[in-house]
Structure formats: C-alpha cells, structure tokens
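Asks: Would you mind keeping the following structure in view while I ask a few things?
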Amino acid sequence: MKNHYNVLFLCTGNSARSIMAEGIMNQKGRPRFTAYSAGSHPSGTVRPEALRQLESAHIPIDGFRSKSWEEFAGPAAPVLDFVFTVCDSAAKEVCPVWPGQPMTAHWGIPDPAAVKGTEEEVQKAFRDAFFLLDRRITLFLNLSLASIDSLGLKRELDNIGRQ
C-alpha cells in the first residue's frame, strides 16, 4: 500500500466545485493525500462564494487559482493516483492522457455558479455543493484502499459519486 496519494479534481471552469474539493481534501486527507484542481477551460478566477465556504469551514484559502488541466498532463506534473470530475461538462470531454494512469470517477455536483437569484439562494447553492463534496470526500477517505482490488475500488468510487 502506498503512503501518499495525489488527487486531481476537474471541472470546466475551475472556479468553484473543483476548488472547494481541493481545499476539503487537503484539509481532511492530510498527510496521506495531496489534492489539486484544474479545469478544461479555466475561467481565470476563483468564485468568492467558494472561498467563503472554505473559510467558514476553517480551511485556508491562500494560493487557490483557476488553472488548466494541461498543468497536470506534462512531464513535470505530480503523478496522479485519482482523477475525479465534479461537473457534467468536464466528464463528457476527452481528458488528456495522465502520466501514471490514475483511477478515475465522475462525481457530478450541481453548478452553484449557475444559480441565478437572491444572494441567499446563491449562497445556499454554494453551501449545498460544499456539503455534497465534503460528504463524498469523507466517504472516499474512509475506504480501505489497501484491501480493495482496482475493479472493486472503481465500483466504490462510482458509488460515492451517486451519493
């Protein structure tokens, strides 16, 4: 069994869901897991509502930025063990070939950035997305990675995405 795993969370814009997932995993999964996030078409900015959700959970927000998944496909990139798509658009796109052939799964989360309405409705959408990500990451961290074969692990990861 490995002592350390690298996880990449992908979304299209890398401005909200994947950023929150990166923060949650780095907080809850340390020291065994290091999380990153990226987008297929990064927006270039991180949504302040996503940063507020992280701050409210006492997760440091320094250093978050919207970046391309190409940063993680090159030879200088960290070797990835897991890649999770957290939005529908990125799940339907052709991903780069990742060095190391990581385990992949789709954990679709409704897009809080697409919510139009009052400030309270938008905040609720970000809060709901945060708690759904938090739950899935907690379930993932409770898996016994050493005792599950790769097909069983793939099934478990897909099941978490349906929770």
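Asks: From the list Arg127, Arg136, which residue is surrounded by 11 or more Cβ atoms within 10 Å (Cβ to Cβ), at pLDDT 95 or above, among the basic types (Lys, Arg) and within 13 Å of the chain's Cα centre (by Cα)? Walk me through it before giving the result.
Replies: Working: Arg127 fails: within 13 Å of the chain's Cα centre (by Cα).
Within the list Arg127, Arg136, the selection yields Arg136.
Asks: Against the conditions (1) part of a helix (DSSP H, G or I); (2) touching a residue at least 40 places away in the same chain (Cβ under 8 Å), where does Lys2 fall short? Just the number, please.
Replies: It fails just one condition, (1).
Asks: Can you find a residue in region 31-38 that is closer than 16 Å to Leu143 by Cα, modelled with pLDDT under 95, surrounded by fewer than 22 Cβ atoms within 10 Å (Cβ to Cβ) and in contact with a Lys or Arg (Cβ under 8 Å, 6 or more places away or on another chain)?
Replies: No, region 31-38 contains no residue that is closer than 16 Å to Leu143 by Cα, modelled with pLDDT under 95, surrounded by fewer than 22 Cβ atoms within 10 Å (Cβ to Cβ) and in contact with a Lys or Arg (Cβ under 8 Å, 6 or more places away or on another chain).
Asks: Could I ask something else about it? Can you confirm whether Ser56 is free of Cβ contacts under 8 Å to residues at least 12 places away in the same chain and over 15 Å from Asn6 (Cβ atoms)? I'd like the intermediate steps shown before the answer.
Replies: Details: free of Cβ contacts under 8 Å to residues at least 12 places away in the same chain: yes; over 15 Å from Asn6 (Cβ atoms): yes.
Judged against the criteria, Ser56 is a match.
Asks: Taking the criterion of being farther than 22 Å from Arg136 by Cα, out of contact with any His (no Cβ under 8 Å at 6 or more places or on another chain), modelled with pLDDT under 95 and in a loop (DSSP other than H, G, I, E, B), would at least one residue in region 79-88 satisfy it?
Replies: First, pick out the residues of region 79-88 that are farther than 22 Å from Arg136 by Cα: 79.
Now narrow it down to the ones that are out of contact with any His (no Cβ under 8 Å at 6 or more places or on another chain): 79.
Imposing the further condition that a residue be modelled with pLDDT under 95 reduces the set to 79.
So of that shortlist, the ones also in a loop (DSSP other than H, G, I, E, B) come out as 79.
Yes: region 79-88 contains one or more residues that are farther than 22 Å from Arg136 by Cα, out of contact with any His (no Cβ under 8 Å at 6 or more places or on another chain), modelled with pLDDT under 95 and in a loop (DSSP other than H, G, I, E, B).
Asks: Mind listing whichever residues of region 24-53 are in contact (Cβ under 8 Å) with a residue 60 or more places away in the chain and within 16 Å of the chain's Cα centre (by Cα)?
Replies: If we filter region 24-53 for residues that are in contact (Cβ under 8 Å) with a residue 60 or more places away in the chain, which is where we start, we get 24-25, 28-29, 33, 47, 49-50, 52-53.
Within region 24-53, Ile24, Met25, Lys28, Gly29, Phe33, Arg47, Ala50, Gln53 qualify.
Asks: Tell me which residues, restricted to region 89-112, are of a type in the set (A, V, I, L, M), closer than 21 Å to Phe33 by Cβ and either modelled with pLDDT under 65 or assigned to a loop (DSSP other than H, G, I, E, B) (or both).
Replies: Answer for region 89-112, where residues must be of a type in the set (A, V, I, L, M), closer than 21 Å to Phe33 by Cβ and either modelled with pLDDT under 65 or assigned to a loop (DSSP other than H, G, I, E, B) (or both): Ala90, Ile109.
Asks: Is at least one residue of region 41-50 within 13 Å of Ser15 (Cα to Cα), surrounded by 18 or more Cβ atoms within 10 Å (Cβ to Cβ) and touching an Asp or Glu at 6+ places or on another chain (Cβ under 9 Å)? Steps first, please.
Replies: So the first thing to find is which residues in region 41-50 are within 13 Å of Ser15 (Cα to Cα), and the list is 41-50.
Then keep just the ones that are surrounded by 18 or more Cβ atoms within 10 Å (Cβ to Cβ); that gives 42, 46-47, 49-50.
Restricting the remaining residues to those that are touching an Asp or Glu at 6+ places or on another chain (Cβ under 9 Å) gives none.
Within region 41-50, not a single residue is within 13 Å of Ser15 (Cα to Cα), surrounded by 18 or more Cβ atoms within 10 Å (Cβ to Cβ) and touching an Asp or Glu at 6+ places or on another chain (Cβ under 9 Å).
The values are calculated or read from the model by the stated rules, or taken from the named source; none is laboratory data. These numbers come from a predicted model, not from an experiment. Neighbour counts are summed over all protein chains in view; Cβ atoms, including those assigned to glycine, are modelled from backbone coordinates with ideal geometry.
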